[in-house]
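Novice: Below is a structure I'd like to ask you about.
The values are calculated or read from the model by the stated rules, or taken from the named source; none is laboratory data. Model, not experiment: these values are computed from the prediction. Counting neighbours? That spans all protein chains shown, and the Cβs are built from the backbone with ideal geometry, glycine included.
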Amino acid sequence: MPAEIELLYWDGCPSHPQTLADLRAALAELGRRDIEITLTEITTERDAAARAFVGSPTVLIAGADAVPPPAQEPTGLTCRLYLRRDGHASPTPDPADLRDALRRLLPPPAKES
Amino acid sequence: MPFAIGALAPSFILPDTYGNQTPLRDAGDAVTVVVFTCNHCPYALAWHDRLQAVARDYGPRGVRVLQINSNDAARYPRDSPEAMSDRVAAGEFSSPYLHDATQEVAHAWGAAVTPDVYVLDRDGRLAYHGAPDADHHDSSLGAQWLRDALDAVLDARPVALAETEPVGCSIKWRF
């Protein structure tokens, strides 16, 4: 069973703290404080290939990439290129894309009995 | 470690994307901006247009801007000389884009990330080192730290903020 949210990162890129903050803000906005975020460091090219890691940061929600990369994107230890909704290049996903992905991919909250 | 503010910059001659051997110091006493950058890094791409605008705006004031790619193209094919030439041919650069294939220049300058920005005064001494401005996400900042440094150097004033923390992707060294 995959972690509900897994943030894959490579320490050679300084962008994952911002993405972690954006994820926490989005979860709070959606009222999903029940969701845990697991941080996983990718340290080798072999790990990157094994995890289909195309760059740091990569956000997996219920095992699916929050912002799916282009087909055939090579894996590796690198900073990941995202495009913001205004078209600008960015080292982090657009927070609006994160919110949309959370709505789309997260399982519904468990009902209290 | 980068060389210190006020120190003479290490000299170099590097090829541009047309094969022209390009020296650090060309027109004698020009104020010079050196930017270590690359093709694949999202930080370099986020700041790219702001840096090209600086090259366009300050060129008529006698400022020379040199952009250098030092990344290992074997590990990062998007930083290959061919990919550099493609970007230049597409009109993405407002000043020469140089290839530091041996990475000796990046090592000599202590460059660590892309983008990493250096301003040299008319004597070739370091007057500013750091990021273009405070936020790669905010294009309205317009590389203001770099512009402030250039304005000061061109007016022969001390640079008020001579050092900032460069932010970006690590330079991809050869193993």
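Novice: With the structure loaded, tell me whether B:A53 is closer than 21 Å to B:S140 by Cα, buried (at least 23 other Cβ atoms within 10 Å of the Cβ) and either within 14 Å of another protein chain (Cβ to nearest Cβ) or not β-branched (V, I, T) (or both) or whether it fails that test.
Specialist: Numbers: closer than 21 Å to B:S140 by Cα: yes; buried (at least 23 other Cβ atoms within 10 Å of the Cβ): no; either within 14 Å of another protein chain (Cβ to nearest Cβ) or not β-branched (V, I, T) (or both): yes.
When the stated conditions are applied, B:A53 does not pass them.
Novice: May I ask you to list the residues in region A:78-113 that are part of a helix (DSSP H, G or I) and either within 13 Å of chain B (Cβ to nearest Cβ) or not hydrophobic (A, V, I, L, M, F, W, C) (or both)?
Specialist: The first filter runs over region A:78-113 and keeps only residues part of a helix (DSSP H, G or I), leaving A:95-105.
Matches in region A:78-113: A:P95, A:D97, A:R99, A:D100, A:R103, A:R104.
Novice: Among the residues that make up region A:49-67, is at least one of them modelled with pLDDT under 95, within 14 Å of chain B (Cβ to nearest Cβ) and either outside any loop (DSSP other than H, G, I, E, B) or more than 17 Å from B:S170 (Cβ to Cβ) (or both)?
Specialist: No; the residues of region A:49-67 include none that is modelled with pLDDT under 95, within 14 Å of chain B (Cβ to nearest Cβ) and either outside any loop (DSSP other than H, G, I, E, B) or more than 17 Å from B:S170 (Cβ to Cβ) (or both).
Novice: Residues being in contact with a Lys or Arg (Cβ under 9 Å, 6 or more places away or on another chain), surrounded by fewer than 17 Cβ atoms within 10 Å (Cβ to Cβ) and within 23 Å of B:W47 (Cβ to Cβ): count how many of those fall in region A:77-113.
Specialist: Result for region A:77-113: 1.
Novice: Still on this structure: Just the residues that are under 15 Å from B:T32 (Cα atoms) and either in contact with a Gly (Cβ under 6 Å, 6 or more places away or on another chain) or in a loop (DSSP other than H, G, I, E, B) (or both), please, taken from region B:120-150.
Specialist: If the condition is that a residue be under 15 Å from B:T32 (Cα atoms) and either in contact with a Gly (Cβ under 6 Å, 6 or more places away or on another chain) or in a loop (DSSP other than H, G, I, E, B) (or both), then B:D121, B:R122, B:D123, B:G124, B:R125, B:P132 are the ones that fit.
Novice: Taking the criterion of being of a type in the set (S, T, Y), under 27 Å from B:R50 (Cα atoms) and outside any loop (DSSP other than H, G, I, E, B), would at least one residue in region A:3-13 satisfy it?
Specialist: Of all residues in region A:3-13, those of a type in the set (S, T, Y) come to A:9.
The next check asks that each one be under 27 Å from B:R50 (Cα atoms); those that pass are none.
Checked against the condition, which is being of a type in the set (S, T, Y), under 27 Å from B:R50 (Cα atoms) and outside any loop (DSSP other than H, G, I, E, B), region A:3-13 yields no hits at all.
Novice: Mind listing whichever residues of region B:75-100 are more than 14 Å from chain A (Cβ to nearest Cβ), part of a loop (DSSP other than H, G, I, E, B), surrounded by 15 or more Cβ atoms within 10 Å (Cβ to Cβ) and not charged (D, E, K, R)? Break it down stepwise before answering.
Specialist: Looking only at region B:75-100, we keep the residues that are more than 14 Å from chain A (Cβ to nearest Cβ), and these are B:81-82, B:84-86, B:88-91, B:93-100.
With the extra rule that they be part of a loop (DSSP other than H, G, I, E, B), the set shrinks to B:90-91, B:93-96, B:100.
Then drop every residue that is not surrounded by 15 or more Cβ atoms within 10 Å (Cβ to Cβ), which leaves B:93-96, B:100.
Residues satisfying the conditions are B:F93, B:S94, B:S95, B:P96.
Novice: Next up: Go over the candidates A:L81, A:L77 one by one and state the one that is within 30 Å of B:A73 (Cα to Cα) and without any contact (Cβ under 8 Å) to a residue 60 or more places away in the chain. Break it down stepwise before answering.
Specialist: Details: A:L77 fails: without any contact (Cβ under 8 Å) to a residue 60 or more places away in the chain.
One residue alone meets the criteria, A:L81.
Novice: Quick one: in region B:162-175, which of the residues that are of a type in the set (A, V, I, L, M, F, W, C), assigned to a loop (DSSP other than H, G, I, E, B) and within 14 Å of chain A (Cβ to nearest Cβ) is surrounded by the most Cβ atoms within 10 Å (Cβ to Cβ)?
Specialist: Narrowing region B:162-175 to residues of a type in the set (A, V, I, L, M, F, W, C): B:162, B:167, B:169, B:171, B:173, B:175.
Of the ones still in play, those that are also assigned to a loop (DSSP other than H, G, I, E, B) are B:162, B:167, B:171, B:173, B:175.
Narrowing the set further to residues that are within 14 Å of chain A (Cβ to nearest Cβ) leaves B:167, B:171, B:173, B:175.
Numbers: B:V167: 20, B:I171: 22, B:W173: 12, B:F175: 5.
So, considering only residues that are of a type in the set (A, V, I, L, M, F, W, C), assigned to a loop (DSSP other than H, G, I, E, B) and within 14 Å of chain A (Cβ to nearest Cβ), the one surrounded by the most Cβ atoms within 10 Å (Cβ to Cβ) is B:I171.
Novice: Only one of B:V105, B:V117, B:V159, B:V153 is in a strand (DSSP E or B) and away from chain A (no Cβ under 14 Å); which? Walk me through it before giving the result.
Specialist: Details: B:V105 fails: in a strand (DSSP E or B); B:V159 fails: in a strand (DSSP E or B); B:V153 fails: in a strand (DSSP E or B).
The match here is B:V117.
Novice: On to the next question. Check B:D72, B:D29 and return the single one that is charged (D, E, K, R), within 21 Å of A:C13 (Cβ to Cβ) and part of a loop (DSSP other than H, G, I, E, B).
Specialist: Sole residue among the options that is charged (D, E, K, R), within 21 Å of A:C13 (Cβ to Cβ) and part of a loop (DSSP other than H, G, I, E, B): B:D72.
Novice: Let me ask you something else. Which is over 14 Å from the mean Cα position of the chain (by Cα) and without any contact (Cβ under 8 Å) to a residue 40 or more places away in the chain, of B:A46, B:A90, B:A83?
Specialist: Values: B:A46 fails: without any contact (Cβ under 8 Å) to a residue 40 or more places away in the chain; B:A83 fails: without any contact (Cβ under 8 Å) to a residue 40 or more places away in the chain.
Answer to the selection: B:A90.
Yes/no per residue for (1) of a type in the set (K, R); (2) part of a loop (DSSP other than H, G, I, E, B); (3) within 14 Å of chain A (Cβ to nearest Cβ):
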residue: B:I5; (1), (2), (3): no, yes, no
residue: B:Y18; (1), (2), (3): no, yes, no
residue: B:R25; (1), (2), (3): yes, yes, no
residue: B:V33; (1), (2), (3): no, no, no
residue: B:H40; (1), (2), (3): no, yes, yes
residue: B:Y43; (1), (2), (3): no, no, yes
residue: B:A46; (1), (2), (3): no, no, yes
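Novice: Name the residue, out of A:T44, A:T40, that is modelled with pLDDT of 95 or more and surrounded by fewer than 12 Cβ atoms within 10 Å (Cβ to Cβ). Walk me through how you get there before you give the answer.
Specialist: Details: A:T40 fails: surrounded by fewer than 12 Cβ atoms within 10 Å (Cβ to Cβ).
Criteria check complete, one pass: A:T44.
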